[in-house]
Structure formats: structure tokens, C-alpha cells
Amino acid sequence: MATDSRPPRFPPHYLEQLIENSPDIVIAVDRSGTIVFYNDGAEKVLGYTAAEILGEKVTKVYPSMAEARRVMAAMRSDEHGGPGKLKNFETTFVDRLGEHIPVAISGSILCDEAGFEIGSIGFAKDLREIRRKDRLATLGEVAVAVCHEINNPLEAIVNQIELLDRFVREVASDERALVEEERIEAVRREVAKIQHAVNRLAELAQGETYQTREYHAGVQMTDLESAEKKRAKTPSPLKGLRVLVVDDDVGVCHSLRDLLREEGCEVIEAHDGIDALRVLDVTPVDIVISDVVMPDLDGYDLYMEVRRRGSTPVILMTGYYYDRDHVIKRSRLQGLQGVLFKKPVDPERLKRLILELTRPENERSAPAA
């Protein structure tokens, strides 16, 4: 059976349909610069309907007359594809809302059968997504380099921490070693957080999907927590507790507030003992976490006042290497169970202590940190 080797014949309007349906911007103008053709792609990108734009001057889609003339001059020169042609010439369009859109135009001057110029047509590609991907690729390369540069000193810090830990155990008294080892462990945890963030950033630089979260009003930031970790999260056993934090150091109050809110606690702050008593007189709380040394009431005085008001558990925090003024000793003699070194605060130990004093049944079933 013979086959027809002739090229297919397309209907006269076939090419016009292809151009009309192109996702790129296609605009044709006559010799006076009046728009005579405007396709669906142009409507989607620029926002004008054909009814709004046909018959308007092409300068309507440019930021200025000078820019429109620059494009036409490039089309007439022989530097951008040859005289009467334009290839991937970058310029800017302005959409219906006034947004400036970077585009690359390819086009040509149109002539009639006699060779007289009758207008021009341009095919413009929206460059925003391409440039966004280029920026992301560049940021990815920068992120990998930054991760490498951060990981090297982090490794040195980890090694020095191990040496410091051995030194403390060898030369410090048992009481001093306890305090210093808590500090060292706190440094280890913070270094581990930095390592996690750096490694997660390196994963994102390789193209892994990510989410964003609000940094502050109107500003988003990349959420470096992995999706697997989020799925594995279980509700905190501290969720729903109302905690009163008492410290004359506002920075300590804020850090404890942020830590406990992450666990789902409601946190009330007081910056001295008198202020704490005012809170307790009007608001029931599940636990009080207080500094030992404060200007009006010290930790012992506040503990005794809390005891007079009921059975609310109290944790006293101290940053001293010894029990100055015997506040903790006197409080323990009166039944105090919770004591914590606060410089720095050990988050896991604090959470375990809160759980032990408020929900002992959960503390027994909670996994060890």
C-alpha cells in the first residue's frame, strides 16, 4: 500500500491558533505602534483583556516610551539577530497592576508582499520564574559553602568540649564539677542544634522541599525542621500547664517563657517576689519557678508564701556554686523538692522536674532524655 510522503497541509488558521494559545506573551503592532494582536498568554501574564488592549499603543505595556524605542531600535540593528529581527532581547513589561515584569523578546519586523513594512511582532518570555530558579541555584551553592565553613569549626568546638569535660572531672571538686558539667552539657546541646540547622540547610540546598513559617509580622523564614521530625513529634506532657516564672532578670524570664511555650505551657512572668504574690492572689497556677536571690523576697520567703496559699509546687533556680544565705537548704528543710541551676538552664532537666512535680504519672512513662 502506497504512503503519502507529502508534508501535511494544515488549515490556514492553524498557526494563528498555535500563537493564540501559546503560554508566552505574543503582541503584534502596526506601523504606528498600535496593538493589533494580543494572545491568551499575554492576557494571563499582563492582566489586560484583549478588549482592553487592542487598539492601544504598545507603550502601554512598557515602563516608558524610551524603553519601547530601545526595543524597536534593537530590532532594526544587526546586533541582536540581524536587521529586522530580535532574539532573546531583555526588557521590561508593566502589567495591569503596575508590576514590572522582566521578559526576553524574540521577534521581527513584518512586511507585505511588496516588501513594505507593515508592523512588527514580538514573542516575550516571562523571566521571573527562570530568575527565581537561578537565584535559588546560586543560594544553594552559597548554602553548601557556608555549611562546610561552619561545620569545620563546629567539629573543633566539639573536640575542645570533650577535652574540657575531662579536665573538669580531674581538677574540680564534686560540687563544682556538677555545675560545670551542666554548663558543658548545655554547650553540647546548643552545638548540636547548630549542626542540625547546618545539615538541614545543606539538604535543602540539594533540592529537598521545605516549608516556611512566620518570623515576625509579614516576614517568612525557612523552617529548618525536617518533615520526618515533625511527623514524629508527640504532644508534650507539659501541654496545658500554667507556669509562673519569677526572676528579676528579664532575659531569664523571657528565655524560660519561650522554652515553656514551645511545650504548650501558659506562662506568666513576674519580675520580683511581691509581683509574684500579686499574681498568685488572683490567678491559680500549676507550678512556680523562681530565682533564689531577688531584691525584695528571696526564694525562701517566696516559697513559704506559696506554701501558705496552698500546695502549688515550687522550683528554685540558682546560678551560684554554693547555697548563699542557705536559701535552698532552709527551703528544703520546709519541704522544697525542686532545685535547678539556671546558668545555663538545662531544658531537659527542667522539663523532667516540672513533670515530676505536677504530673508524676506522666513522668514515669516519659522516655529518658
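The values are calculated or read from the model by the stated rules, or taken from the named source; none is laboratory data. Values in this document were obtained by computation on a predicted structure and should not be read as measured data. Cβ placement follows ideal geometry from the backbone for every residue including glycine, while neighbour counts extend to all protein chains displayed.
List of remarks:
- Single residue of the range 62-84 satisfying the filter (assigned to a helix (DSSP H, G or I) and in contact with a helix residue (DSSP H, G or I) (Cβ under 6 Å, 6 or more places away or on another chain)) that is surrounded by the fewest Cβ atoms within 10 Å (Cβ to Cβ): Met65
Conditions (1) within 30 Å of Arg31 (Cα to Cα); (2) without any contact (Cβ under 8 Å) to a residue 40 or more places away in the chain; (3) surrounded by 16 or more Cβ atoms within 10 Å (Cβ to Cβ), marked per residue:
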| site | (1), (2), (3) |
| --- | --- |
| Gly107 | yes, yes, yes |
| Gly119 | yes, no, yes |
| Arg131 | no, yes, no |
| Leu139 | no, no, no |
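- Restricting the search to helices (runs of 4 or more DSSP H) fully inside the range 254-369 and requiring at least 1 residues that are surrounded by 16 or more Cβ atoms within 10 Å (Cβ to Cβ), at pLDDT below 85 and not aliphatic (A, V, I, L, M) gives 299-309, 327-333, 347-358, 360-365.
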